[in-house]
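So the structure is just underneath, and the comments pick up after that.
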Amino acid sequence: MTSDTHRAIEAVWRIESAKLIAGLTRIVRDVGIAEDLAQGALVAALEQWSESGIPDNPGAWLMTTAKHHAIDLIRRNVRLERRTEELGRALQIKQELTVSDFDAITDDDIDDDLLRLMFIACHPILSTDARVALTLRLLGGLTTEEIARAFLVPEPTIAQRIVRAKRTLAEAHIPFQVPQGAERAERLSSVLEVIYLIFNEGYTATAGDDWMRPTLCEDALRLGRILAELAPNEPEVHGLVALMEIQASRMRARVSSSGEPILLLDQNRARWDQLLIRRGLAALERAEKLGGAFGPYVLQAAIAACHARARTPAETDWERIVTLYDGLAQLVPSPIVELNRAVAVAMAIGPEAGLEIVNDLIDEPSLKNYHLLPGVRGDLLFKLGRLSEARKEFERAASLTQNTRERELLRYRAAECGNKSA
């Protein structure tokens, strides 16, 4: 097989795999079996397409092949267990294969299946790490190796998470359906959380040598955009997309040519991606037009929009940002939201006011090992001219972060305090 053919097949897989697994899950009612069948179809494609070429409708080819494999699998189970219900399932799949060819499936059918798969992969019964891994595997089309590399986790660990997640879903008999009523809101919140966790790990890596991992941001953005098409009447979905689009617009400006981090107020705004900003603002407008009380993602997107609309740091509407953070703190109170609000208050009123808020967070147990608490406190102390205290805070922050680039930046800030006080 030529490298061009292999790359083409990989591209087809990234495009078609989520639809394929979603459609198969609807048929076999088991996400683990569905993925195994999809992988089997991929193996067949790798063997046959290298000789015959990629078919005109690769998605249809993969689905038909996977369905044939499903029938063979269930027939084998029938022979082993002689269970009449399994035989009935085989006949049902065979009927779907003959009367519901992939070409005849409507876009609505595919969309419904994809939305169901998102809710399954992000089910709250799974741990957060398992939801992230399973989502990237089933909906992102990433291999176990790619997921492990993206999160700097050993490949066997990721493989084990995925296997356990699929087993948990199967044993709990989670229905392949879109939840309704109050459960829908809770389950949708889980989906949004997973997508944003993926984005954030790409936007500011928690560990490793790189400040950012752009491919994770791209995966999260793609999932968010798909979800916005599947759930067009959910303001929080559009709010999350808006937030990610606007944040992603800054990526080229967030690092120097040698990879050092560049903080928001020091960035060259001419390097911000205006297309992504326009997309983000349009998504925010869609969320606002849907009405109702703003949720946490819409509020965070509105904060990001304040930065995006400012041509220079001095033009930033910090008073509005403080107001938005006040609303966010009331809606989802947390120490991290309060820390971010402190930064906004410092910019709007002055570093002394911001430091007062930060000092109230010093004894917060959940922030004990959170490097941004001493990092923010060090910055505010630096602005107030309390350089010796600031240096200690930057050094503490550097000792807590697991990201090499961020550690170097914090150590630089600590050394800067020493140089100025000398």
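Worth pointing out:
- Stokes-Einstein D (µm²/s) once Rh is taken as the Kirkwood radius of segment 313-353 over alpha-carbon pairs, at 37 °C in 0.692 mPa s: 321 µm²/s
- Dimensionless Rg ratio for segment 8-76, taking C-alpha atoms and the 2.2 N^0.38 Å reference: 1.04
- Residues in segment 383-422 reached by a label modelled at Glu352 [backbone nitrogen below 15 Å; 7 Å Cα→Cβ]: 383-386
- Taking a straight line from the alpha carbon of Lys166, these lysines sit under 22 Å away, with near neighbours fewer than eight places off in the same chain left out: Lys19, Lys67.
- Take the Kirkwood radius over Cα pairs of segment 222-331, plug it into Stokes-Einstein at 4 °C and 1.567 mPa s, and you get 90 µm²/s for translational diffusion.
- Close amide H partners of Val255, meaning residues 5 or more places away or on another chain with modelled amide H under 5 Å apart, are Ile262.
- Per residue accessible area of the chain, 1.4 Å probe, in Å²: 49 Å²
- Under 5 Å, built H, 5+ apart or other chain: amide partners of Gly208: Thr404
- Label-point gap, in nm, between Glu155 and Ser50 - each point 7 angstrom along Cα→Cβ: 1.8 nm
- Tensor-based shape of segment 121-220 (alpha-carbon gyration tensor, a/c under 1.5 rounded, otherwise prolate or oblate): oblate
- Normalised by the number of residues in segment 288-422, the mean separation of alpha-carbon contacts (under 8 Å, six or more apart) gives a relative contact order of 15 percent.
- Each peptide in 36-46, 130-140, 202-212, 178-188 gets a packing score, the mean of other Cβ atoms within 10 Å over its residues, and the list from highest to lowest is 130-140, 36-46, 202-212, 178-188.
- Taking the empirical scaling 2.2 N^0.38 Å for compact globular proteins as reference, the chain has a Cα radius of gyration ratio of 1.13.
- Between Thr404 and Thr128, the C-beta separation translates, for a Förster distance of 25 Å, into a calculated FRET efficiency of about 0.55.
- The Cα center of segment 137-178 and the Cα center of segment 301-357 differ in position by 36 Å.
- Acute angle (nearest 10 degrees) that the helix 181-203 long axis makes with the longest principal axis of the chain, alpha-carbon atoms: 60 degrees
- Cα convex hull of segment 283-340, projected area averaged across orientations, nm²: 4.2 nm²
- Taking a straight line from the alpha carbon of Lys392, these lysines sit under 26 Å away, with near neighbours fewer than eight places off in the same chain left out: Lys368, Lys383, Lys420.
- Surrounding net charge for Ala287, when Lys and Arg each add one and Asp and Glu each subtract one, Cβ distance under 11 Å: -2
- Student exercise, the chain dipole from Lys, Arg, Asp, Glu Cβ charges, in Debye to nearest 20: 600 debye
- Tail beyond 21 Å, pair distance distribution of segment 299-422 (Cα, percent): 44 percent
- If the convex hull is drawn through the Cα atoms of segment 233-274, its volume per residue in Å³: 73 Å³
- Protein heavy-atom surface of the chain, 1.4 angstrom probe: 50% of the accessible area is carbon and sulfur, with nucleic acids and ligands not counted.
- Segment 382-422 - Rg (one decimal) and Dmax (whole number), Cα, Å: 9.9, 30
- Relative to the 2.2 N^0.38 Å rule of thumb, segment 354-422 has a C-alpha radius of gyration ratio of 1.04.
- The relative contact order of the chain, computed from alpha carbon pairs under 8 Å that lie at least 6 residues apart in sequence, is 10 percent.
- A Stokes-Einstein calculation at 20 °C with viscosity 1.002 mPa s, built on the Kirkwood radius of segment 155-292 over Cα pairs, returns a diffusion coefficient of 127 µm²/s.
The values are calculated or read from the model by the stated rules, or taken from the named source; none is laboratory data. On a predicted model such as this, the values are computed, not experimentally measured, just so you know. Heads up, the Cβs are rebuilt from the backbone with ideal geometry, glycines too, and the neighbour counts pull from every protein chain shown. To get the accessible areas, we keep the full protein, side chains included, count just its heavy atoms, and leave off ligands, DNA and RNA. Shrake-Rupley method; radii C 1.70, N 1.55, O 1.52, S 1.80 Å.
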